[in-house]
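Single-structure report; data block below.
The values are calculated or read from the model by the stated rules, or taken from the named source; none is laboratory data. The structure displayed is predicted, hence computed values, not measured ones. With ideal geometry, Cβ positions are generated from the backbone for all residues, glycine too; neighbour counts draw on all protein chains shown. These accessible areas exclude ligands, DNA and RNA; they are computed on the full protein's heavy atoms, side chains included. Shrake-Rupley method; radii C 1.70, N 1.55, O 1.52, S 1.80 Å.
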Amino acid sequence: LGRAELRELLDPDVLVEVEAELQRLAPDRRARDAEGVADLLRLLGPLTRAEVAERCVEGADVGAWLTELATARRVVEVRVAGEERWASAEDVGRLRDGLGVPVPPGTPSAFTEAVEDPLGDLVGRYARTHGPFAAAECATRLGLGVAVVRQTLLRLAASGRVLEGEFRPGGVGEEWCDAEVLRRLRRRSLAKLRQEVEPVEPAALGRFLPAWQSVGATGGSRLRGVDGVLAAVEQLAGCAVPASALESLVLPARVDDYQPAHLDELTSTGEVVWAGHGAVGGKDGWVSLHLADTAHLTLPEPTEVEMTEVHEALLGALAGGGAWFFPQLSARVEAGDPDVLRALHDLMWAGHVGNDTLAPLRSLVGGRGTHRTRAPAPRARAGRPGRLGRPGRGGVRSLPEGAAGRWTLLPELDRDPTRRAHAVTEALLERHGIVTRGAVAAERVPGGFAAVYKVLAAFEDTGRCRRGYFVEGLGAAQFGPAGAVDRLRTFSRAPGEEPGTEPVGVALAATDPANPYGAALAWPERVVEGDGATGPGHRPGRKAGALVVLVDGELALYVERGGKTLLTFGELDKDALGVAVRSLSTAVRRGALGRLTVERA
């Protein structure tokens, strides 16, 4: 359950309220007649006369009710922990065997039979009728030694009836709580937290999400260097993005000084793994990055490939382990280079094989032609020609486009569905801060939101995240860590609304997880030119190669691949539109996008 987390999760006011209900001190729980007093003593255990009166309605004749019950031999007067208390007759045997209390004269023999676990019954009842408590408090109430009570609590904990931890806000040291009482406290505390959070407008999510993912950050908050790339990969783990956008938009938006060499350093040293999620068109496709130590939990399930003899031979050659250059693989498969490369790319996009560098993706996406590398050659005997015709040396062999680097099978997946669901849900919280149904659907998580919801609900129960209505219009099934929820509220006001400030624009790949539109947020309606009526017109989408520009969190521009179509949204004033266009042109001037010619706006 965690210790510090629960101290922060349980609300002090809720704790007071629940304890009053458990002790029948709440106004609606007080005894109204003699029968109610009998229930009090049966449920709470022995009480002094003053304690009974405290739990009865105002103006009650407590003395008469106790006398009536004593005459009917339903309650008896006993001495517990050095004070006179009234107890239910049903407790006589339990008090005698557990605390050594003498049996009052006249007690019916039916109530004096031996009890199997008197101490377990008495301590368990104390736990059921109190909030989190220390063993010493229970020992004082029952007149027992602390060691005796603690051993009994440990026995009850072994059967799941009570839990040990640090529960009470502001408390210190070891505490105990009945399992059902703790569940009630958590439910009430979470419900109160949900009610306290005012939902923010959807545009606030558009401002929050890029900042949460270090997109457009300034000053010391910008990620830099290899460590910055590793931090970005950790947050993007398992999220599929187009290969064409990965190094041109997605990573440069997060890492201030991004260079392809940074990512190659991480992949070649085995810290980062990449995997294909399917081809798009002729030379693009979806890829994801993963930390090597958790890749078995976040890698995608490989998709089916129409297997040929070349595909099977490649998998067989790689099955022995290790990493192979293309010429080595081609020699082992004994097929023509074009056939081997085509099969290798099929397996790459399907998530079966990977590479220790992103050079194959870069050459496919960028169309840089062939790469000239020195192919490894077998050791030649003295005086005899080498494999490629040069005595004792390997020759220079031209590699076809998309063949560079060393190829290997991707790590085997963890097949335990619980561990995978746990890892995927943690990644979603880390990436999005506020997880919504739309965000999960956009990432095409196996099992959809229903599978993730179960894990998120369990996280909520243990205080690792909150559920609530954080963003307007997205339903109540929204989850986020406390830090993300608090930070989201700081974006309720747009930067451009502050006196003396300008709107802030950010250009992103439409498929970037930092873009909430088309995922957590629906694409906004566009105003069709002419009569001003709203209509569908040309529809945007989270497509490979497309760009979006957000201004103060609101969608301003959508640009299809290459600038074929440019769409504007909302009622942008001149300043905001200028910011949007400048952000777009800045992204183009960085050079990673190539030439962009807008054909139709």
Qualifying residues in segment 264-297 (those that are touching a residue at least 60 places away in the same chain (Cβ under 8 Å) and of a type in the set (D, E, K, R)) - the one farthest from Glu401 (Cα to Cα) = Asp264
Pair list, Cβ under 7 Å, 6 or more apart: segment 67-80 residue at positive phi, other residue open to solvent by less than 100 Å² (accessible area, probe 1.4 Å) and not aliphatic (A, V, I, L, M) | Arg73/Gly106; Arg73/Pro108
From Val504, Val485, grab the single residue that is within 30 Å of Asp575 (Cα to Cα), aliphatic (A, V, I, L, M) and modelled with pLDDT under 90.
-> Val504
Determine which member of the set Phe479, Phe459 is surrounded by 17 or more Cβ atoms within 10 Å (Cβ to Cβ), among the hydrophobic types (A, V, I, L, M, F, W, C), outside any helix (DSSP H, G or I) and under 16 Å from the mean Cα position of the chain (by Cα).
-> Phe479
State all residues of segment 25-68 that are open to solvent by less than 40 Å² (accessible area, probe 1.4 Å) and small (Gly, Ala, Ser); if no residue qualifies, say none.
-> Ala26, Ala31, Ala34, Gly36, Ala38, Gly45, Ala60, Gly63
Would segment 323-330 turn up any residue that is hydroxyl-bearing (Ser, Thr, Tyr), more than 15 Å from Leu409 (Cα to Cα), part of a helix (DSSP H, G or I) and in contact with an Asp or Glu (Cβ under 6 Å, 6 or more places away or on another chain)?
-> yes
Across segment 562-591, what is the number of residues that are within 32 Å of the chain's Cα centre (by Cα) and within 19 Å of Val365 (Cα to Cα)?
-> 1
What tally of residues in segment 184-211 results from selecting those that are part of a helix (DSSP H, G or I) and touching a residue at least 60 places away in the same chain (Cβ under 8 Å)?
-> 19
Flagged pairs (Cβ under 7 angstrom, 6 or more apart or on separate chains; first in segment 573-601, on the phi < 0 side of the Ramachandran plot and free of Cβ contacts under 8 Å to residues at least 60 places away in the same chain; second in a helix (DSSP H, G or I) and exposed (fewer than 13 other Cβ atoms within 10 Å of the Cβ)) are none
Does segment 71-80 include one or more residues that are within 23 Å of Asp28 (Cα to Cα), open to solvent by 40 Å² or more (accessible area, probe 1.4 Å) and not in a strand (DSSP E or B)?
-> no
For Gly276, state whether it is at pLDDT 90 or above, over 20 Å from Ala507 (Cα atoms) and touching a Gly at 6+ places or on another chain (Cβ under 9 Å).
-> yes
Any chance you could count how many residues in segment 10-24 are open to solvent by less than 20 Å² (accessible area, probe 1.4 Å) and either assigned to a helix (DSSP H, G or I) or farther than 22 Å from Ala191 by Cβ (or both)?
-> 4
Helices (runs of 4 or more DSSP H) completely within segment 212-310 that count 2 or more residues being open to solvent by 20 Å² or more (accessible area, probe 1.4 Å) | 225-236, 260-268, 295-298
Give the residues of segment 556-566 that are part of a strand (DSSP E or B) and either without any contact (Cβ under 8 Å) to a residue 24 or more places away in the chain or open to solvent by 10 Å² or more (accessible area, probe 1.4 Å) (or both), sorted by residue number.
-> Leu566
Sole residue being farther than 23 Å from Pro202 by Cα, charged (D, E, K, R) and in a helix (DSSP H, G or I), chosen from Arg419, Arg415, Arg431 = Arg419
Test result for Asp97, open to solvent by less than 70 Å² (accessible area, probe 1.4 Å), modelled with pLDDT under 95, of a type outside the set (Gly, Ala, Ser) and under 50 Å from the mean Cα position of the chain (by Cα) = no
Checklist (1) at pLDDT 75 or above; (2) open to solvent by 40 Å² or more (accessible area, probe 1.4 Å) applied to Ala403, failing item = (2)
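To keep it simple, each residue is scored yes or no on (1) more than 25 Å from His432 (Cα to Cα); (2) β-branched (Val, Ile, Thr); (3) under 27 Å from the mean Cα position of the chain (by Cα).
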site: Leu122; (1), (2), (3): yes, no, no
site: Tyr126; (1), (2), (3): yes, no, no
site: Thr129; (1), (2), (3): yes, yes, no
site: Pro132; (1), (2), (3): yes, no, no
site: Glu174; (1), (2), (3): yes, no, no
site: Arg186; (1), (2), (3): no, no, yes
site: Leu190; (1), (2), (3): no, no, yes
site: Leu230; (1), (2), (3): no, no, yes
For segment 430-457, enumerate the residues that are among the basic types (Lys, Arg) and within 14 Å of Ala240 (Cβ to Cβ).
-> Arg431, Arg444
Restricting attention to segment 331-345, which residues are outside any helix (DSSP H, G or I) and open to solvent by 70 Å² or more (accessible area, probe 1.4 Å)?
-> Glu334
